[in-house]
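Undergrad: I have a structure I would like to understand better, so I am pasting it below and will then ask my questions one at a time.
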Amino acid sequence: MGVFRSLFGRRERNRGVVLALGGGGARGLAHIGVLEVIEEERIPVAGVAGTSAGAVVGAMWIALGSAAAVTRRWQEFLAAGILKGLPDVRLTETVSTRDNPMLVFARRLRRSAVVALALERTAVVTHDQLSEGVAFLLPDVTIESLPTSFAAVATDFETGEPVALRRGSLRAAVAASSAIPAIVPPFPVGGRYLTDGGTVADVPVAQACGLARGPVVGVGVGEGWPAGDPERITLVEAMVRAGNMTHKALRDAQLARADLVIAPDVAALHWSEFGRFDEAVAAGRVAAERALSRLRALTRRRSCDATEEPR
């Protein structure tokens with residue numbers, strides 16, 4: 001398993017910081033840069049809880065053995081062109097002022113996620129497509145077999161409760177955590193239908209606290225919103241901005257429980273811009289390096305009370 005296993009083997013399982021890696025699609029690639037710094041500085045890690053993109057990267061880091069291995073696998077994934085076959089689901093790209101806004105919006109409908117609703121489809125990306133991508137990135141192993149405690153955080157589609165998946169298939173857990181609402185249908189795991197954990201636990205600090213007694217480091221890669229003229233904002237832009245504001249308030253409340261927050265500067269990246277891989281990873285490195293003195297200090301104390309039961 002490479003350098004990771006030598007640094008963070010089973011004998012180190014209960015010592016170190018606990019990472020809470022947030023969701024954000026392509027913005028979550030910044031987690032790789034954060035993990036590079038953690039490895040280089042030999043910061044012990046007792047557990048990793050991840051939501052959506054955070055679950056993907058966190059699971060890869062533990063299962064593949066190093067941040068370098070994660071980078072190589074992602075580069076292979078992007079080169080394979082799996083993402084190119086997926087539809088364009090962005091509805092907030094810049095609109096030319098030469099066009100009538102309603103006509104532009106109507107044209108977008110023909111190539112966007114909304115067309116799925118018009119055709120009464122249940123989703124844009126199927127379970128098979130999601131599973132294919134996850135299988136490319138992750139080995140077919142169980143969560144229990146991992147050398148470091150791990151939880152993929154999803155949302156129960158029926159109850160709206162966060163669900164920390166700590167047992168069973170690693171691939172299934174990560175897929176469920178990444179099932180973006182309105183893009184992927186709720187994913188069946190253990191008799192429940194689960195959807196993207198970012199719906200209610202964008203940065204899973206509480207679930208990270210349930211993994212080990214170490215202090216929690218929350219890594220937030222949430223989306224921002226550009227400055228704009230309130231009198232000229234379109235209906236779609238207003239809806240997206242309002243949703244982002246609500247999501248930010250929830251994310252900030254969750255991060256307030258962490259002992260340290262690392263916030264890579266990736267707010268301007270759209271969640272679908274995986275082609276900006278190097279930019280996202282570099283932003284993660286910069287943010288982690290800025291927090292390094294505080295990160296080192298955390299390894300010398302305990303904070304979190306690991307009392308949350310696995311669900």
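Undergrad: Evaluate the distance, in nm, between pseudo-label points positioned 7 Å from the Cα of THR234 and of THR159 along their respective Cα→Cβ axes.
TA: 4.0 nm
Undergrad: Now, a different point. So how far apart, in nm, are the two label points at ARG42 and ARG296 if each is 7 Å from Cα heading toward Cβ?
TA: The answer from the label model is 1.2 nm.
Undergrad: Output needed for the range 176-233: three equivalent-ellipsoid semi-axes, defined as square roots of 5 times the C-alpha gyration tensor eigenvalues, in descending order, whole Å.
TA: Whole-Å semi-axes of the equivalent ellipsoid: 29, 22, 7.
Undergrad: What is the spin-label model distance, in nm, from PHE77 to GLU144 if the labels are put 7 Å beyond Cα along the C-beta direction?
TA: The two pseudo-label positions are separated by 2.6 nm.
Undergrad: Using alpha-carbon positions, what is the distance between the centroids of the range 49-80 and the range 248-270, in Å?
TA: 20 Å
Undergrad: Given R₀ = 41 Å, FRET efficiency for PHE136-TYR193 by Cβ-Cβ distance, to 0.05?
TA: On the way: r = 24 Å, r/R0 = 0.58.
The computed FRET efficiency comes out at 0.95.
Undergrad: With all pairs of different alpha carbon atoms counted, what Kirkwood hydrodynamic radius in Å does the range 132-261 show? Could the numbers behind the result be given before it?
TA: Working: mean 1/r = 0.0618 Å⁻¹.
About 16.2 Å for the range 132-261.
Undergrad: Let me check something: with ligands and nucleic acids excluded, how do ILE233, ILE143 order by accessible area (1.4 Å probe), largest to smallest?
TA: Details: ILE233 60, ILE143 5 Å².
So the residues, ranked largest to smallest area, are ILE233, ILE143.
The values are calculated or read from the model by the stated rules, or taken from the named source; none is laboratory data. These figures come from a predicted structure and were not determined experimentally. Neighbour counts run over all protein chains shown; Cβ positions are idealised from the backbone, glycine included. Surface areas here come from the heavy atoms of the whole protein model, side chains and all, with no ligands, DNA or RNA. Shrake-Rupley method; radii C 1.70, N 1.55, O 1.52, S 1.80 Å.
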